[in-house]
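Working notes, structure below.
The values are calculated or read from the model by the stated rules, or taken from the named source; none is laboratory data. These figures come from a predicted structure and were not determined experimentally. Counting neighbours? That spans all protein chains shown, and the Cβs are built from the backbone with ideal geometry, glycine included. Surface accessibility is based on the protein's heavy atoms, side chains included, excluding ligands, DNA and RNA. Shrake-Rupley method; radii C 1.70, N 1.55, O 1.52, S 1.80 Å.
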Amino acid sequence: MSPRTPEQNQALREETRGRIIRAALALSSSNGYERTTVRAIAEAAGVAQGLMYSHFASKEDLLRAIFQQSIQDVFASFALAASGGAGPPTVEAIIRAACVTVRERLDFWRLSYGVRMQQPVLAALGPELTAWVETIRQTLERSLRAAGVAAPEVEARLLFAAIDGVCQHYVIDPEGYPLEAVVDALVARYTRQGAMA
């Protein structure tokens, strides 16, 4: 058997890293972040505890990686929303793209929502989480401002909460939640209020 190529090694490393993240997310969601040990995560991921430390310096580093995936998903949804033209994406495009992203990565988001509001998680992420949230809020505000919405700084907070709430309700019951109807109603509400360009 010939040695692995650098590309094969990188693919194996990424696959192992993904297994660790999924195991940490699942255990933290069901047992709580604080009660989830590095040993339990390594065991669930099928890796040696020492190997886990070659991917993540600490449990907090692993937590940051999980939330960076969340942020990458959010920015991917913004990119999808903006793919239609120049300037900030429309509010409708943002709402629809966010729901597409959550639907496509349902398992990740179901677990992520289960972890994100735990007190130890909020404490561990601290200012980083605040900065991520602010970046998302500012992106929404730019789109609302471009659409001519009055008080876009307040509307951005309302829109952020609405999108987040819709997505959370969807991941709780993806088979029974009327996602398309709710998204259409949210889009229509902004259209009626003249909030979309």
Candidates SER2, SER30, filtered to the one that is within 22 Å of ASP107 (Cβ to Cβ), of a type in the set (Ser, Thr, Tyr) and either open to solvent by less than 20 Å² (accessible area, probe 1.4 Å) or modelled with pLDDT under 90 (or both): SER30
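Sort through GLN49, GLN118 and tell me the only one that's open to solvent by 50 Å² or more (accessible area, probe 1.4 Å) and polar (S, T, N, Q).
Working: GLN118 fails: open to solvent by 50 Å² or more (accessible area, probe 1.4 Å).
Result: GLN49 is the single residue among GLN49, GLN118 that is open to solvent by 50 Å² or more (accessible area, probe 1.4 Å) and polar (S, T, N, Q).
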For VAL149: the one exception among (1) crowded, with 16+ Cβ neighbours inside 10 Å; (2) closer than 19 Å to ASP73 by Cβ: (2)
Residue pairs meeting the criteria (Cβ under 6 Å; at least 6 apart or on separate chains; first free of Cβ contacts under 8 Å to residues at least 40 places away in the same chain, in region 142-161; second open to solvent by 50 Å² or more (accessible area, probe 1.4 Å)): PRO152/ARG145
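Got a number for residues in region 183-192 being surrounded by 10 or more Cβ atoms within 10 Å (Cβ to Cβ) and either without any contact (Cβ under 8 Å) to a residue 24 or more places away in the chain or among the small types (Gly, Ala, Ser) (or both)?
Going through region 183-192 one residue at a time, the tally reaches 4.
Given THR101, THR36, THR90, which one is touching a Cys at 6+ places or on another chain (Cβ under 9 Å), open to solvent by less than 80 Å² (accessible area, probe 1.4 Å) and not charged (D, E, K, R)? Explain how you work it out, then say what you get.
On the way: THR36 fails: touching a Cys at 6+ places or on another chain (Cβ under 9 Å); THR90 fails: touching a Cys at 6+ places or on another chain (Cβ under 9 Å).
Among THR101, THR36, THR90, only THR101 is touching a Cys at 6+ places or on another chain (Cβ under 9 Å), open to solvent by less than 80 Å² (accessible area, probe 1.4 Å) and not charged (D, E, K, R).
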Residue ranges of helices (runs of 4 or more DSSP H) in region 1-96 with at least 1 members touching a residue at least 40 places away in the same chain (Cβ under 8 Å): 6-31, 49-55, 59-82
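Go through GLU175, GLU180, GLU134 for me and flag whichever is part of a loop (DSSP other than H, G, I, E, B), of a type in the set (D, E, K, R), out of contact with any helix residue (DSSP H, G or I) (no Cβ under 8 Å at 6 or more places or on another chain) and without any contact (Cβ under 8 Å) to a residue 40 or more places away in the chain. Talk me through it step by step, then tell me what you get.
Working: GLU180 fails: part of a loop (DSSP other than H, G, I, E, B); GLU134 fails: part of a loop (DSSP other than H, G, I, E, B).
Result: GLU175 is the single residue among GLU175, GLU180, GLU134 that is part of a loop (DSSP other than H, G, I, E, B), of a type in the set (D, E, K, R), out of contact with any helix residue (DSSP H, G or I) (no Cβ under 8 Å at 6 or more places or on another chain) and without any contact (Cβ under 8 Å) to a residue 40 or more places away in the chain.
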